[in-house]
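Let me begin by presenting the structure, written as structure tokens, before commenting on it.
Where a number appears in this text, it was derived from the coordinates with a stated rule and is not lab data. Remember, it's a predicted structure, so these values are computed and weren't measured experimentally. Here the Cβ positions follow ideal geometry from the backbone for every residue, glycine too, while neighbour counts run over all protein chains shown.
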Amino acid sequence: MDSLARLFCSPARLKLLRLFVFNSTASFAAKDAAFRTKSNLRIVRKELAVLVLTGIIRKRGTGSGVRYSANKRFVHLDALTRFLRETTVVGPQEVLAVLRKSGALHLVVLTGIFSGALEPKIDLLIAGDKLDERAVASAVHTIEANFGREIRYAAFSTEDFRYRMGVYDRLLRDVFDYTHNTILDKIGI
């Protein structure tokens, strides 16, 4: 358990705080929040009840239509948002460790929300051989659960990536023209 999870009493509570603070305009059902944070539904319901009592999260609806969202009137929401943004870091080694299960990786580039660049259309670029689409999606979902935000990504075979680089593909130009962090490069970019 990382130090912030200890500070906020549990990893589930920290993941929920990140989810609601980083997506302050969205509302989620408890089941959706459990899926997005990769947490147990029973634990999520308990943590949501605590967060509603503290006033950080608002609860709307009744029965099966209950939805939760960040309480924009919470006195310390801005300070909490700044704190979570500054302390939420997903390191390159964590990203690689999660992605390694999805195939033979040859290139992994972090950009967008990982680098602070707002221009790129994606946050994560992956190129490799024998990439399993479901495994890539599952790995990205794991990163999203820890990061608290949806991650836009693109995955290509090495051959397709080389072709796209050769024709100056706009998506790839957007990645490489702006701030990015290449954490794995077996292609030689």
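When you filter the trypsin sites (Lys or Arg not before Pro) in region 14-80 for DSSP loop state and at most 15 other Cβ atoms inside 10 Å of their Cβ, you are left with LYS38, LYS72, ARG73.
Placing a pseudo-label 7 Å from each Cα along the Cα-to-Cβ vector at ARG67 and LYS121 gives an inter-label distance of 2.9 nm. The relative contact order of region 92-185 comes to 40 percent, based on Cα pairs under 8 Å that sit 6 or more residues apart. Classify region 3-87 as rounded, prolate or oblate, taking a ≥ b ≥ c as the square roots of the eigenvalues of its Cα gyration tensor: rounded when a/c is under 1.5, otherwise prolate if a/b is larger than b/c and oblate if not. Oblate, since a/c reaches 1.5 and b/c is not below a/b. Here the Debye sum runs over all C-alpha atoms of region 92-185 as equal scatterers in vacuum, and log10 of I(q)/I(0) at q = 0.19, 0.21, 0.24, 0.25 Å⁻¹ comes out as -0.85, -1.05, -1.35, -1.45. Temperature 4 °C, viscosity 1.567 mPa s: under these conditions the Stokes-Einstein estimate for the chain, based on its Kirkwood radius over C-alpha pairs, is 72 µm² per second. Please identify the DSSP H helices in the chain that span no less than 18 Å along the helix axis (Cα) and have a mean Kyte-Doolittle hydropathy of 0.5 or more. Those that clear 18 Å and a mean of 0.5 are 41-54.
Site pair VAL52 and ARG85 shows an inter-label distance of 2.9 nm when each label is modelled 7 Å from Cα along Cα→Cβ.
Which parts of region 100-143 would a label at ASP177 reach, counting a residue when its backbone N lies under 13 Å from a point 7 Å out along Cα-to-Cβ? Under 13 Å, as judged by backbone N against the label point of ASP177, lie 119-121 of region 100-143.
Taking Cα pairs under 8 Å and at least six residues apart, what relative contact order does region 1-158 come out at, in percent?
Values: 218 pairs, mean separation 35.2, N = 158.
Dividing the mean separation by the residue count of region 1-158 yields 22 percent.
Modelled this way, with points 7 Å down the Cα-to-C-beta line, the labels at VAL75 and SER24 are 1.7 nm from one another.
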